[in-house]
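Take a look at the structure below.
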Amino acid sequence: MKIVNTVAEVREQVKEWRKQGLTVGLVPTMGYLHEGHKSLIDRAVADNDRVVVSVFVNPMQFGPSEDLESYPRDMDRDAALCEDAGASLIFHPEPSEMYHDDFSSFVDMSTLTGGLCGKTRPIHFRGVCTVVSKLFNIVTPDRAYFGQKDAQQLAVIRHMVSDLNFGIEIVGCPIIREQDGLAKSSRNSYLNEEERQAALILSKSLALGKQMIAEGEKDAATIKKAIADKIETEPLAKIDYVDVVDFATITPIDQIAGETLVAIAVYIGKTRLIDNFIVEA
C-alpha cells in the first residue's frame with residue numbers, strides 16, 4: 001500500500017491500473033478511521049481490483065464555529081487500518097493541494113440539502129459536494145462507497161452523480177454499531193464516560209420508532225413525537241432535529257410509505273451526533 005499527497009501521484013497510479021484493465025473503488029473519508037470505515041473498505045476491496053482511500057479533513061464543509069481544528073486526526077492509525085483492510089492507495093492531501101489560493105468553483109444543490117443536517121449546517125453540503133466531485137475527477141473510480149450513518153449525504157451524492165452524469169456507481173453500506181448500539185463515529189472520541197452512556201439514547205429512541213413502524217404505525221408525527229419524548233428523558237441530550245422523510249428526496253412525509261428515512265441529530269453535551277434507520281413500506 002502506498003500513501004500519496006498530490007493529485008498528480010493519484011492520477012499516475014490510477015492510469016497504470018487502467019492500463020492493466022483493473023477496476024478502481026474509492027472510499028472518501030475524513031480520517032480517524034474506525035470499524036465503520038473499515039466496513040466500507042472491506043466492501044470496496046471485495047468489489048474492485050484496487051481501492052483508493054482518501055483521508056482529508058475538508059475545511060469547506062465546516063462552519064465557522066464547528067470543530068475543524070479539533071477534529072481528531074491520526075494518520076499512522078489510519079494507515080494501519082487501511083493496510084489491514086487491503087486498500088491499495090491512501091490519498092492524503094493538504095488543503096492547499098485541494099484548494100489553491102484562487103479556488104472559486106463550487107458544486108451546490110438546490111434540493112435535498114435544506115432539511116435535516118442542512119438546516120443547521122447551511123454550507124455543509126456545498127463543501128461535501130465540491131470535495132466529492134473533486135475526488136471523483138481525481139480518482140475516476142468505477143464505484144464509490146458511503147456509509148448509511150450519513151444518510152442525507154448518501155442521498156445527496158447519489159442525486160449529484162445523477163445530475164452531473166458521473167459514470168460512477170454509488171454503494172451505500174450499513175451503519176456499524178458498538179455492542180451497546182451506539183453508531184460508530186469519529187466524534188464519539190469527544191464524549192466523556194458519562195456522555196458516552198447518555199449517547200445510547202440515540203439508538204434507543206430509534207429502536208422505539210422502528211418498533212412502532214413494525215407494529216403498524218404509519219403516522220410520521222406520532223413516530224417523531226415518540227422518538228423526541230424518549231430522547232428528552234436523557235438530561236444530557238439536546239435535540240437538533242427528529243425527522244421522517246422520503247429517503248430519495250429528503251422531503252418530509254406525513255405517512256410512512258416507500259423508502260422512508262427516520263433521522264435524528266442530538267447534542268450530547270457539546271458533541272453533535274447523528275443516527276437513523278431506513279424502512280421500506
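Laboratory data are not the source of any read-out in this text; all were calculated from the coordinates shown. Since the model is a prediction, treat every value here as computed from it, not as a measurement. Glycine also receives a Cβ, built like all others from the backbone with ideal geometry; neighbour counts cover every protein chain displayed.
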Among the residues listed as G216, G258, G209, the single one being touching a Phe, Trp or Tyr at 6+ places or on another chain (Cβ under 9 Å) and at positive phi: G258
Residue count for the range 233-273, restricted to those that are in a loop (DSSP other than H, G, I, E, B), over 15 Å from L191 (Cβ atoms) and either in contact with a strand residue (DSSP E or B) (Cβ under 7 Å, 6 or more places away or on another chain) or of a type in the set (A, V, I, L, M) (or both): 7
Of residues in the range 13-72 being of a type in the set (A, V, I, L, M, F, W, C) and without any contact (Cβ under 8 Å) to a residue 12 or more places away in the chain, the one farthest from H124 (Cα to Cα): A46
Identity of the residue in the range 100-113, touching a Ser or Thr at 6+ places or on another chain (Cβ under 9 Å) and on the phi < 0 side of the Ramachandran plot, that ends up surrounded by the fewest Cβ atoms within 10 Å (Cβ to Cβ): S105
Criterion: buried (at least 20 other Cβ atoms within 10 Å of the Cβ) and touching a helix residue (DSSP H, G or I) at 6+ places or on another chain (Cβ under 9 Å) - qualifying residue of D42, D78: D78
Tabulated pairs, the range 226-248, first within 13 Å of L261 (Cα to Cα) and in contact (Cβ under 8 Å) with a residue 24 or more places away in the chain, second surrounded by 14 or more Cβ atoms within 10 Å (Cβ to Cβ) and hydroxyl-bearing (S, T, Y), C-beta under 7 angstrom, 6+ apart or interchain: V244/T260; F247/T260
Conditions (1) closer than 24 Å to E178 by Cβ; (2) surrounded by 14 or more Cβ atoms within 10 Å (Cβ to Cβ): number failed by K224: (1)
Of the criteria (1) closer than 27 Å to S185 by Cβ; (2) loosely packed, with under 13 Cβ neighbours inside 10 Å; (3) among the basic types (K, R), which one K2 fails: (1)
